[in-house]
Structure formats: C-alpha cells, structure tokens
Amino acid sequence: MGHVREKVHISAPIGVCWDLGADPNRILEWRVGVLEVKDITGTLDRVGASYSPVLSIAGRKIDTRWEVTKVDKPRLVEFTGTAPGGGEAKSTTWLEPAGDGTDLTFELDYELPGGIVGDIANKLFMERAVERQVKHSNENFKALCEARVPVHA
C-alpha cells in the first residue's frame, strides 16, 4: 500500500481554500496529472458528491472515480477512489486556520491492483511519481488560493 502525507501553509483564509477545493470545475487548474474531469455530480462539499478524473501517473492513463465520504465544512473532506482492476484509494484533506492563513494537510493511502506485483510496481516507480504529483498539486493549490487574496497597500 502506498502512503503520502504533505502539509503546506497557505496565506489565504480557510474559506477561500475550502471554496476552491470544493469546486470540481477547477481541478484541472491545480491537480497535477489530471487530464480530464468527467461525470461531476455537484460541488465536492457534501457526502455522496463524485467525479471521474482521468489521471496520468508515471506515463499511464487511468480512469478513476472519486466520491466524497466525509465532510466537516470548512475543515475536512474525505474521498474514496477506485480504478479499473481493483485499485483503491482514500484521501483526506484537513484545513486549519493558522496565523494569517490556513494550514492544509493532505493524506493519501492507495492500493494498486495486482497484489504483490502491484506492490513492487509501487515501490519501483509509482510511489515517487505520486509523491511528486501531490507536492506540485499542493503548490498549485496554494498559488491559486493566495492569488484570490487582495493585496493591501
């Protein structure tokens, strides 16, 4: 099983961060490796909402389906994801007010299909690719949130 956890400070209020994260139409602006977003059922701030991103991970296109399983607005959202062949994932995002902005913590647990072969593939190349995509996605998300905060002269 793969695991990624990353924390980033965003110089924007928690509401700005929450609103951007809940908008499935903006995923392509910040999520690295998402080629297309399909089958959106609404904003991602309610249990049962879902979407189907087509991902590119380590050079492979993967059709996935993500569904919101837990929400504590504006502090927590949890998703479960599935992929063909038995791939599964769970992601959790926590938002906490911190000083002049928001601390975002993102955690992803995932299981590749294929049993032991999937575990070996994860260790050989998928794990590092997923870690890079999460890091760059968080950097993009941070930049978009901070761009929405007015600059005071």
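Taken together, the values in this text are just the output of simple stated rules run on the coordinates, not laboratory data. None of the values given here were measured: they were computed from a predicted structure. All Cβ positions, glycine included, derive from the backbone under ideal geometry; neighbour counts span all protein chains shown.
Numbers below:
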read-out	value
Backbone HN-Hα couplings from phi across region 40-52 [Karplus 6.51/-1.76/1.60, Hz, Gly and Pro as x]	6, 9, x, 5, 8, 10, 9, 4, x, 5, 8, 7, 10
For the chain: relative contact order, % (alpha-carbon pairs under 8 angstrom, 6 or more apart)	30 percent
Residue 109/residue 11 FRET efficiency (R0 25 Å; Cβ-Cβ; nearest 0.05)	0.30
Mean Cα-pair separation over length for region 50-113, i.e. relative contact order, pairs under 8 Å, 6 or more apart, %	22 percent
Count of Lys pairs (Cα-Cα under 25 Å; at least 8 positions apart or interchain) in the chain	25
Footprinting exposure proxy for 141, 106 (fewest neighbouring C-beta atoms within 10 Å first)	106, 141
Stretchable slack from residue 76 to residue 56, in nm (0.36 nm times residue separation minus alpha-carbon distance)	4.6 nm
Size of charge dipole - the chain - debye, nearest 20, with Cβ of Lys, Arg +1 and Asp, Glu -1, no other charges	240 debye
Computed lengthening from residue 1 to residue 131, 0.36 nm per intervening residue step minus Cα-Cα distance	45.4 nm
Helix axis angle, 127-147 relative to the chain longest principal axis, alpha carbon, degrees	20 degrees
Rounded to 5, the percent of DSSP beta bridges in region 2-147 classed as antiparallel	100 percent
Estimated Rh, region 2-147: Kirkwood, alpha-carbon pairs, angstrom	15.5 Å
Efficiency of FRET between residue 148 and residue 46 - r from beta-carbon atoms, R0 30 angstrom, step 0.05	0.85
Of 134, 95, 71, farthest towards positive along the dipole that unit charges on Lys, Arg, Asp, Glu beta carbons give region 2-147	134
Most mobile listed residue (47, 68, 134) in the chain, GNM with C-alpha springs under 10 Å	47
Long-range amide H partners of residue 103 with built H, under 5 Å	10, 96, 98
